[in-house]
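The values are calculated or read from the model by the stated rules, or taken from the named source; none is laboratory data. Not measured: the values here are computed from a predicted model. We place every Cβ from the backbone using ideal geometry, glycine too, and count neighbours over all the protein chains shown.
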Amino acid sequence: MHIKDHVISAVIISIILYPFVKLNVLYFIIGAVLIDADHYLYYAIRYRKFNLIKIHNLWIRHPKKFAEESMCIFHTGEFISLIVILSFFSFEGLMFTLGVLFHMALDVYYQCSVLKFPRNYSLFRYINRSS
């Protein structure tokens with residue numbers, strides 16, 4: 001899913017949540033949007049390039065290829081399990097985790113309905129596939 005779609009969706013949900021959680025809604029937005037930083041990290045490490053425009057263009061032109069080959073660490077079940085555990089210790093952490101889970105729900109829907117390709121969401125499975 002494109003970053004602008006994540007931003008728009010997160011802002012809409014944040015407007016709904018704001019009366020209940022006030023400024024803590026910012027943690028939700030951070031979780032829902034900045035999780036995609038791992039796409040950039042993967043691209044920078046894999047291709048040794050640090051250009052946000054190029055990664056965006058790669059994703060637009062070849063979304064299935066990017067989804068097949070990349071391991072985005074913040075999109076793994078292991079990372080999500082860790083932040084779910086940490087969310088029990090603070091309300092801000094809970095809001096961040098809810099943002100990440102919202103982001104993941106959008107990604108899974110997009111990948112299964114639009115790309116028709118489920119992504120690998122396990123770091124351990126990715127490592128075993130690579131070796």
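Summary table
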{"quantity": "Flag if LEU23 is at pLDDT 85 or above and farther than 14 Å from VAL100 by Cα", "calculated": "yes"}
{"quantity": "Qualifying residue in segment 48-55 (condition: of a type outside the set (Val, Ile, Thr), at pLDDT below 90 and part of a helix (DSSP H, G or I))", "calculated": "yes"}
{"quantity": "Close pairs (8 angstrom Cβ cut-off, 6 or more residues apart or separate chains): over 15 Å from PHE91 (Cα atoms) in segment 1-30, surrounded by fewer than 11 Cβ atoms within 10 Å (Cβ to Cβ) anywhere", "calculated": "HIS2/ILE60"}
{"quantity": "Positions within segment 45-58 being surrounded by 15 or more Cβ atoms within 10 Å (Cβ to Cβ) and either of a type in the set (A, V, I, L, M) or under 14 Å from the mean Cα position of the chain (by Cα) (or both), in sequence order", "calculated": "ILE55, LEU58"}
{"quantity": "Complete set of residues in segment 105-119 that are within 23 Å of TYR18 (Cβ to Cβ) and either crowded, with 18+ Cβ neighbours inside 10 Å or in contact (Cβ under 8 Å) with a residue 60 or more places away in the chain (or both)", "calculated": "LEU106"}
{"quantity": "Boolean, TYR121 is aromatic (Phe, Trp, Tyr), under 13 Å from the mean Cα position of the chain (by Cα) and modelled with pLDDT under 80", "calculated": "yes"}
{"quantity": "Pick from segment 76-117, criterion assigned to a loop (DSSP other than H, G, I, E, B) and more than 19 Å from HIS6 (Cβ to Cβ), ranking: modelled with the highest pLDDT", "calculated": "SER90"}
